[in-house]
Every structure is written in structure tokens, then in C-alpha cells.
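Okay, so here's the structure we're looking at.
No lab work stands behind these numbers, since they all come straight from the coordinates. Here the structure is a predicted model, which is why all the values come from computation and not from measurement. Cβ placement follows ideal geometry from the backbone for every residue including glycine, while neighbour counts extend to all protein chains displayed.
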Amino acid sequence: MLIVHVHIHVKPEHLDGFVKATLINAQGSIQESGIARFDLLRDTADPHHFVLQEVYRTQDAPAAHKETTHYAAWRDAVAPMMASPRSSVKFENLFPEDEGW
């Protein structure tokens, strides 16, 4: 399992549009065989800070995800909505052990 947290800061005037575009991307993402989970999280202390938690079944799945049409549409739609470039942190799953996601 590979877990990626993508941190995104959104311009105040684009909050609703960002959420809408990201929900469409998330719905497409969970249909991919390489994605076990895709969460859209909002910081309770800073409503302009979002985290995408992407849980991949294999090390190759993120590259496959970036080749999908729903990801490309999301990337292009939200680029002007971001207050700063997005960043990501990769994690390995230690517990619980792979439960067949």
C-alpha cells in the first residue's frame, strides 16, 4: 500500500468550485482498480486548506491515476483555484496490515 497526502490551499473565492471539481475526480478515482481509497479532507482550523488522501494498492497505481481523463480534467480545472502550488507526502502503511483493499 502507498498512501499519498496531497496538500492544497485554495483561494477563498474558489472554495465551492474546488470542492465540486474534486468530488467529480474522487468519484472517478475510486473506480480505478489501483485505488483502494480516495478521501477529500478539509482542515477544521483553516477552511482553505484541503488534503487529498489517496490510498494506492501498488507503487505503479499513482502513475496510472495521472493518465486518466478525470484526473486531467481535475488538474486543469483546479490549477487557477489554488493559492499556492500543491504539495504531497508519501507514506507506507505499517498498521493495520493490508486488509485486501
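Of the trypsin sites (Lys or Arg not before Pro) found in segment 1-94, those that fall in a DSSP loop while having at most 16 other beta-carbon atoms within 10 Å are 66, 86. Its Cα centre serving as origin, segment 2-92 has a Cβ charge dipole (Lys and Arg +1, Asp and Glu -1) of approximately 40 debye. Computing volume of the Cα convex hull per residue in Å³ directly from the structure and comparing it against (i) 166; (ii) 98; (iii) 187 singles out (ii).
In this simple spin-label model, placing a label point 7 Å from the Cα along the Cα-to-Cβ direction at both residue 24 and residue 60 gives a separation of 3.0 nm. Axis angle, to the nearest 10 degrees, between helix 15-29 and the longest C-alpha principal axis of the chain: 20 degrees. Annotation: the residues 89, 10, 19, 51, sorted from fewest to most other C-beta atoms within 10 Å of their own C-beta, follow the order 89, 19, 51, 10.
Each residue, residue 37 and residue 15, gets one label point 7 Å from its Cα in the Cβ direction; the gap between the two is 2.6 nm. A straight Cα-to-Cα reach below 13 Å connects residue 90 with the aspartates and glutamates 54, residues fewer than 8 places away in its own chain not being considered. With contacts taken as Cα pairs under 8 Å and at least 6 residues apart, the chain reaches a relative contact order of 45 percent.
Per-residue Cβ neighbour counts within 10 Å put 29, 84 in the sequence 84, 29, beginning with the fewest. Of the residues 56, 71, the one with the fewest other Cβ atoms within 10 Å heads the list, and the complete ranking is 71, 56.
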